[in-house]
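The values are calculated or read from the model by the stated rules, or taken from the named source; none is laboratory data. Predicted model, so just to flag it, every value in this text is computed and none were measured. Backbone-built Cβ (ideal geometry, glycine too); neighbour counts: all protein chains shown.
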């Protein structure tokens, strides 16, 4: 049994990071949930859920409950958060206070969904902080000064840009072009070279295909670099 903890959560589209005061980052796992679609039972979350991909019967599916930085499946997000909070906090009579990063410019409805999911997952109190502000603080920037600091936070689903001064956000924007789109763009670029059978992202997880393509591409480049260079031809001597 332990006393209440203060926990910070970076609830990302691709991964979830959990910070515990006094310990640092104690969890960094994919934001993936594995469930039995027949019964609706939650089987695994995070790394364990991702490890099940491609090794399970057809009735077990993997879900990414967040899309483009916001909650797309409220029930799965709540259950995933509950598992992560329990993993880092353990058993306690005192519920933890939780601060969760959110993209700039999300709506009040989306904010309410994050707060409710945190409360239902076991938090005593949930606070929200914009991702660029959290990134600036984490980078050691003194945001209380009357200086302008531009922060660009590129995540999996969104890229957040903000100008911060005097502990507040002066201007901000959030665009839905980020790591996932860069990944798909890379795959499409390599597609013409390797011609894989299928490029559709059905599960929302491209890790296996990325690794396969990356290894093939690396081996192809390495082979070209190791190929012996053709000996230089000697210039023909002219007739005297």
Inset, instruction - Please verify whether region 129-146 includes one or more residues that are in contact (Cβ under 8 Å) with a residue 24 or more places away in the chain, part of a strand (DSSP E or B) and either farther than 22 Å from residue 79 by Cα or over 18 Å from the mean Cα position of the chain (by Cα) (or both). - result: yes
Inset, instruction - Can you work out which of the residues in region 82-100 that are out of contact with any strand residue (DSSP E or B) (no Cβ under 7 Å at 6 or more places or on another chain) and not in a helix (DSSP H, G or I) is nearest to residue 174 (Cα to Cα)? - result: 95
Inset, instruction - Read through the list (1) over 29 Å from residue 107 (Cα atoms); (2) more than 18 Å from the chain's Cα centre (by Cα), then give the number of the only condition that residue 42 fails. - result: (1)
Legend entry - Scope region 35-45; condition farther than 14 Å from residue 84 by Cα and part of a strand (DSSP E or B); matching residues: 35, 36
Legend entry - Among (1) modelled with pLDDT under 90; (2) closer than 28 Å to residue 44 by Cα; (3) exposed (fewer than 15 other Cβ atoms within 10 Å of the Cβ), the one test that residue 158 misses: (3)
Inset, instruction - Would you check if there is a residue in region 52-63 being surrounded by 15 or more Cβ atoms within 10 Å (Cβ to Cβ), at pLDDT 90 or above, in contact with a helix residue (DSSP H, G or I) (Cβ under 6 Å, 6 or more places away or on another chain) and over 13 Å from residue 8 (Cα atoms)? - result: no
Legend entry - Residues that are farther than 25 Å from residue 19 by Cβ and touching a strand residue (DSSP E or B) at 6+ places or on another chain (Cβ under 6 Å), drawn from region 61-81: 62
